[in-house]
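Below is one structure; the comments refer to it alone.
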Amino acid sequence: MSKEKVISGIRPTGNLHLGNYFGAVRSFLEMQNEYDCMFFIADWHSLTTNPRPEDIKRSVRTILTEYLACGINPEIAPIYAQSDVPEVLELYLYLNMNAYLGDLERCTTFKEKARKQPDNVNAGLLTYPTLMAADVLIHRATKVPVGKDQEQNMEMMRRYARRFNQMYNVEFFPEPANFSLSEKAIKVPGLDGSGKMGKSEGNCIYLMDDPKTIKKKVMKAVTDNGPTEPNSPKPDVIQNLYTFLEIVSTPETYKYFDDKWNNCEQQFYGELKKQLVEDIVRFTDPIRERIREIEAAPERLDRVLKAGAEAARESARTTLAEVRHIIGFK
Ligand code: ADP
């Protein structure tokens, strides 16, 4: 039996942080072995915010470098830039012809973007769900890994697939299912006391941060005055540190510090932070090393993108030929 087809989009925004790694990238690494996976860097989508040409070029290469360094293997899971596959645009046009303004305007992602950039509420923002649908339907994929924020867009995608099938009385497009990342994902907290590490929160530890930077960020982590009673529950800011230990340290290390908390020991936060620095650095060191290797031989990125585009275009052309035939074009 052939493997299920999974398509995953990657936003080319900045560098990967530990939240991205444990929330998404780690699942991608498992998925690429289990499924017929393709990854694309959504550079057309990024145009909705009018980036400068040099920023687009740099951000695509940066994100590709970091995904490769994390272990995405283009030999088994092609990775391509969306803008290298023009077939997507033709399908986007067809889908737009059957996408209704009311539905598009009701999308939460659209409303949020329109609120964030009121001076630039462009048609690209409005039709983000049809482009996203085209990205996936062009390969007739059956699964898409998505976070919570994309669930509504996935509903739209299924609606467009259904509508096309009904309109032409065919069973052509599968309705792609959500591949929930949240089941396997670990929510990585912020060390500033906030519940989530995120770019907009400004509290990220990046995979490419050097040990000195990591140390600075971890040593600044918010704490309290220490436990007051044995075996008491941990307040959120302290729980955040322990969640981090769970993610990057050994079970023994976790237990060592958990015992300290439960035994009401005092003044061990410094030691805990030092341990965290060591374990985060140990975890990120090989990734940073691979980033440096790729940066020293950047032609590899061109080869990966070229091969990815070829694989994606072949799959896209096959779909598009049938779509044209179904619609009535020669
Ligand atoms: P950011 O803008 O903070 O870099 P995105 O919203 O672009 O993150 O998310 C990219 C992916 O990383 C999503 O799948 C999201 O669920 C995951 N992710 C982001 N931050 C975290 C976090 N702190 N913990 C777990 N997963 C996260």
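The values are calculated or read from the model by the stated rules, or taken from the named source; none is laboratory data. What you are looking at is a predicted structure, and each value in this text was computed from that prediction instead of being measured. Note that we place each Cβ from the backbone using ideal geometry, even for glycine, and neighbour counts take in every protein chain shown. The accessibility values were calculated without ligands, DNA or RNA, using every heavy atom of the protein model including side chains. Shrake-Rupley method; radii C 1.70, N 1.55, O 1.52, S 1.80 Å.
Quick notes
- All positions within the stretch 137-149 that are within 16 Å of the ligand (Cβ to nearest atom) and touching a residue at least 40 places away in the same chain (Cβ under 8 Å): Lys143, Val144, Pro145, Gly147, Asp149
- Test: residue in the stretch 173-189 that is modelled with pLDDT of 95 or more, open to solvent by 20 Å² or more (accessible area, probe 1.4 Å), more than 16 Å from the ligand (Cβ to nearest atom) and farther than 21 Å from Ala24 by Cα: yes
- When we screen Glu66, Glu75, Glu30 for residues that are modelled with pLDDT under 95 and either within 28 Å of Glu289 (Cβ to Cβ) or among the polar types (S, T, N, Q) (or both), the only hit is Glu30.
- Odd one out for Lys215, checked against (1) closer than 30 Å to Asp43 by Cα; (2) touching a residue at least 12 places away in the same chain (Cβ under 8 Å); (3) open to solvent by 60 Å² or more (accessible area, probe 1.4 Å): (1)
- For beta carbons closer than 9 Å, sequence separation of 6+ or different chains, a first residue in the stretch 90-117 that is farther than 18 Å from Glu151 by Cα and of a type in the set (Gly, Ala, Ser) and a second that is open to solvent by less than 90 Å² (accessible area, probe 1.4 Å) and not in a helix (DSSP H, G or I), the qualifying pairs are Ala114/Val121.
- Among the candidates Leu131, Leu91, Leu68, Leu104, residue that is outside any loop (DSSP other than H, G, I, E, B) and surrounded by fewer than 19 Cβ atoms within 10 Å (Cβ to Cβ): Leu104
- Filtered residue count, the stretch 193-221, keeping only those that are away from the ligand (no atom under 12 Å from the Cβ) and either under 17 Å from the mean Cα position of the chain (by Cα) or not β-branched (Val, Ile, Thr) (or both): 12
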